[in-house]
Number of protein chains: 2
Amino acid sequence: MCQDFTGCPDRDGKKGKEEMSKTPPQKRANLRDVATAAGVSVATVSRVMNAPDTVAKKTRKRVEEAMNSLRWVPSAAARAINTGRTRFVGALVPTLDNAIFARFLSKLENQLNTHRLSLVVATTGGDPQVEAEKAKTLIDIGAEGLVVSGITHGQALYDLLDRSQRPAIATSYYDPGYVLPTIGYDNAAAAKLAQEHLTGLGHQHIAVVHGPRLNNDRTEARLSGLTGSNAALELFETEISLAGGCNAARAILQGTQRPTAILCLSDVLASGVLAELHRRDLAVPRDVSVMGIDDLPGSAHIYPELTTVHLPVARMGLAAADAIAEWVETQTVPEPTLLEPSLVLRKSTARPR
Amino acid sequence: MCQDFTGCPDRDGKKGKEEMSKTPPQKRANLRDVATAAGVSVATVSRVMNAPDTVAKKTRKRVEEAMNSLRWVPSAAARAINTGRTRFVGALVPTLDNAIFARFLSKLENQLNTHRLSLVVATTGGDPQVEAEKAKTLIDIGAEGLVVSGITHGQALYDLLDRSQRPAIATSYYDPGYVLPTIGYDNAAAAKLAQEHLTGLGHQHIAVVHGPRLNNDRTEARLSGLTGSNAALELFETEISLAGGCNAARAILQGTQRPTAILCLSDVLASGVLAELHRRDLAVPRDVSVMGIDDLPGSAHIYPELTTVHLPVARMGLAAADAIAEWVETQTVPEPTLLEPSLVLRKSTARPR
DNA sequence: TTGACACATGTAACCGGTTTCATCAACTTA
DNA sequence: TAAGTTGATGAAACCGGTTACATGTGTCAA
């Protein structure tokens, strides 16, 4: 328990845990202790923290010295109870294992910091019930607001938000009619963009590889964007991972007639498909075109460089951070924000032979 | 501001923001309001929350009804100030963009949940100064403990930990002599494992691709594990990403004599290297062997299946969660824990030709 | 000299819970 | 029936800060 950090980083022999003799077990100092030590009132100490320039320089110095010698650390809870601010918000994402969410969270966290807000992260595994439970926990520990993924949620979550009256925004999806403000892209449009690129190249038989539809509105929306084409679409559902992509590719190649293009609704799936195609000695895009959606940072560098649809998750992270921060701080409900996906032409697609 | 979640998920026309006429702006109910409404004392209401079975069933019901009709939501700060527990800890990682950290955090978060703890995540970009600042923020908002990566940190972080007396453990590294308890693997041993596999196959000229050494003890340790071999080692430093791997591969192929094996100190780097080799029409492992360290979930499925050293980050997540939870709850400083890396033989290495 | 005013500081209420201890009724048990 | 328990509840202190308001001092213009 007693840590001694002088002379880091090496520990000068493990110390017994029960010593600490000179200074009696002395519990943590509080504001009044500091005030007493500095010979001022608690108000003055508080001012030294929150409005330093309203305190005489000499007094301030004395207080600061007292703080240091008592090794005072302010209580977050005590501050929060008065200010009404805990200075953190929560984010609920299906998984961290898909780089797209990791990337989003990373930007979200950084931008939140500019608003002096921290980020509590919780993963749901895509299960609305788990999501609702974790959301409850986040509210319980004091999250000032929530950032959720998509627009498909359990009633329990809506009830929670309603009752707690906490700000919450939905991301990775755009739907101005949704109960919560959405900040995201039009998943259907993104898929359409991809499909049109393929049909534009002349592909008439396209395999579509997608993640689980259950409780996943992003997948569902992307699939819905695929209607209204005269190309034959064959759907392959799989787990969203490299392994999932491999499996899908195997299933595709097992079919009677090989499609001329494979449209993957996530870049990871495309990576898996590419790997499996290599394994089967099929060349991309010569033998078959492969396309993704997401545009992960790595997608530009795999072989072959993946043609995909860029989803602006980094910008989404920034926008979501700004939106939730403003809502939390000024009670202003943000407007839904549409972020445009864009086609990124690289080397994994070509005309069918 | 007024949310109405009945009839989700569609919003019945955006409501004006300034209405809310019937019930006057009525600020949030607190414990006393509930107590008054239920005709009991605050103590009883508190008991209904924390020790339901010490309250008469009839009373409890009455209180619960009052809670509901007043839509009472307990204040996290008020609870925390009394219990001394905020029920969350913080984690500081260099980045989320490397899947290895995402995976670790994912497990960490889940396991923390079993201890009724949430996780605040902060990324440092590998900069000790940023790390110290973010750590300060985490302590400031009330993190009960910290989980950091590696053993290279700024003095400011040590000072903070010392002063705040918060539990903190270091991960991704094992060093029983370190000031903080470490939970991780022996990075040097992991690298040695990889190198010995390659030399065992007969490789005498090995290119080593690694991430930045600056402030990165994991990289440094892995490099240090590479001594004591009679094979010629050529070092290539690059950014840890697919793109970085590609760049390194390019640099390697530019050399006068091509190495027979490429040892990448991270799987992502290996993926990048593999992509670039494909691009240059070099076959792996026929023309050159490639090996990684990490064993990301995807590494088993790329082409060719990557031979690598498995780092037990999932187990590390569990162990770190249990350790910090116990420390926080029982003031027991955890013992340093060594997790063994293991060689995973797959298809990207072979004897040199 | 005096009254107005800015500035520095202190007093005490307050935030919204938890918890100790006292109280009192009902139930055993002899 | 008296004494001892047990169970349910309430009164009030307490946690550690913030802040409205009061107070006191020194400066400056009239």
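The values are calculated or read from the model by the stated rules, or taken from the named source; none is laboratory data. As the structure is a computational prediction, the values presented were derived from the model and not from experiment. Positions of Cβ are backbone-derived with ideal geometry, glycine not excepted, and every protein chain shown enters the neighbour counts. Surface accessibility is based on the protein's heavy atoms, side chains included, excluding ligands, DNA and RNA. Shrake-Rupley method; radii C 1.70, N 1.55, O 1.52, S 1.80 Å.
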Quiz item: Among A:219, B:260, what's the order by accessible area (1.4 angstrom probe), most exposed first?
Solution: B:260, A:219
Self-check item: Equivalent-ellipsoid semi-axes of the range B:187-310, from the Cα gyration tensor, Å, largest first
Solution: 18, 16, 15
Quiz item: Sorted by accessible area (1.4 Å probe), largest first, how do B:134, B:27 line up?
Solution: B:27, B:134
Quiz item: If ligands, DNA and RNA are left out, what is the accessible area of residue A:175 with a 1.4 Å probe, given in Å² to the nearest 10?
Solution: 40
Quiz item: So how much accessible surface do B and A hide from each other in total, probe 1.4 Å, in square angstrom to the nearest 100?
Solution: 6900
Quiz item: Using a probe of 1.4 angstrom, how much of the accessible area of the protein assembly as shown is carbon and sulfur, in percent?
Solution: 51
Quiz prompt | For chain A, the longest site-free run once GluC sites (Glu not before Pro) in DSSP loop states with at most 12 other Cβ atoms within 10 Å are removed | solution = A:20-353
Quiz item: Using a 1.4 Å probe, how large is the accessible area of residue A:301, given in Å² and rounded to the nearest 10?
Solution: 60
Quiz item: If you keep only loop residues by DSSP, which trypsin sites (Lys or Arg not before Pro) in the range B:37-104 have at most 14 other Cβ atoms within 10 Å of their Cβ?
Solution: B:71
Practice problem: List, in order, the whole-Hz ³J(HN,Hα) value for each residue of the range A:242-253 obtained from phi through the Karplus relation with A = 6.51, B = -1.76, C = 1.60 and θ = phi - 60°; use x for Gly and Pro. | Solution: 4, 4, x, x, 4, 4, 4, 4, 4, 4, 4, 5
Quiz item: What gaps in nm, shortest first, separate residue B:283 from its twins in the other copies when you place the label 7 Å past Cα toward the beta carbon?
Solution: 1.5
Exercise. Read phi for every residue in the range B:216-225 and hand back ³J(HN,Hα) as whole Hz from Karplus 6.51 cos²θ - 1.76 cosθ + 1.60, θ = phi - 60°, with x for Gly and Pro.
Key: 10, 5, 5, 4, 4, 5, 4, 4, 5, x
Quiz item: Accessible area, 1.4 Å probe, largest first: how do B:173, A:178 sort?
Solution: B:173, A:178
Self-check item: Reachable aspartates and glutamates from residue B:58, criterion Cα separation under 14 angstrom, eight or more residues apart if same chain
Solution: none
Quiz prompt | Environment charge at residue B:287 (Cβ cut-off 12 Å; Lys +1, Arg +1, Asp -1, Glu -1) | solution = +3
Quiz item: What value, in deg cm²/dmol to 500, does the helix sum -39500 (n - 2.57) over DSSP H runs of n ≥ 4 give at 222 nm once divided by the residues of chain B?
Solution: -13000 deg cm²/dmol
Quiz item: Using 13 Å as the cut-off for backbone N distance, which residues of the range A:157-172 belong to the label zone defined by a point 7 Å from the Cα of residue B:65 along Cα→Cβ?
Solution: none
Self-check item: Under 12 Å, Cβ to Cβ, from residue B:128 - net charge with Lys/Arg +1 and Asp/Glu -1
Solution: -3
Exercise. Could you tell me what percent of the DSSP beta bridges with both partners in chain B are antiparallel, to the nearest 5?
Key: 10
Self-check item: Modelled FRET efficiency - R0 25 Å, residue A:257 with residue A:196, Cβ distances, 0.05 increments
Solution: 0.65
Quiz item: Long-range amide H contacts for residue A:179: which residues qualify at under 5 Å (H placed 1.01 Å from N, peptide plane, sequence gap of 5 or more or a different chain)?
Solution: B:11
Quiz item: Which angle from 0 to 90°, rounded to the nearest 10, does the C-alpha axis of helix A:313-330 make with the longest principal axis of chain A?
Solution: 40
Exercise. Taking chain A as the reference, fit the longest principal axis to its C-alpha atoms, fit the long axis of helix A:267-279 to the helix C-alpha atoms, and give the angle between the two in degrees, 0 to 90, nearest 10.
Key: 50
Practice problem: Within the range A:211-303, list the trypsin sites (Lys or Arg not before Pro) lying in a DSSP loop whose Cβ has at most 16 other Cβ atoms in a 10 Å radius. | Solution: A:213, A:280, A:286
Practice problem: Grab the beta carbon distance between residue A:343 and residue B:114, set R0 = 51 Å, and tell me the FRET efficiency rounded to 0.05. | Solution: 0.70
Practice problem: Taking a label point 7 Å out from Cα toward Cβ, give me the nm distances from residue B:345 to the same spot in the other copies, shortest first, one decimal. | Solution: 4.8
Self-check item: Teacher prompt: residue A:224 distances to equivalent labels in other copies, 7 Å Cα→Cβ, nm
Solution: 5.7
Quiz item: Residues with beta-carbon under 10 Å from that of residue A:53, excluding residue A:53: net charge, scoring Lys, Arg +1 and Asp, Glu -1?
Solution: +3
Quiz item: Roughly how many Å² of residue A:88 are accessible to a 1.4 Å probe, to the nearest 10?
Solution: 0
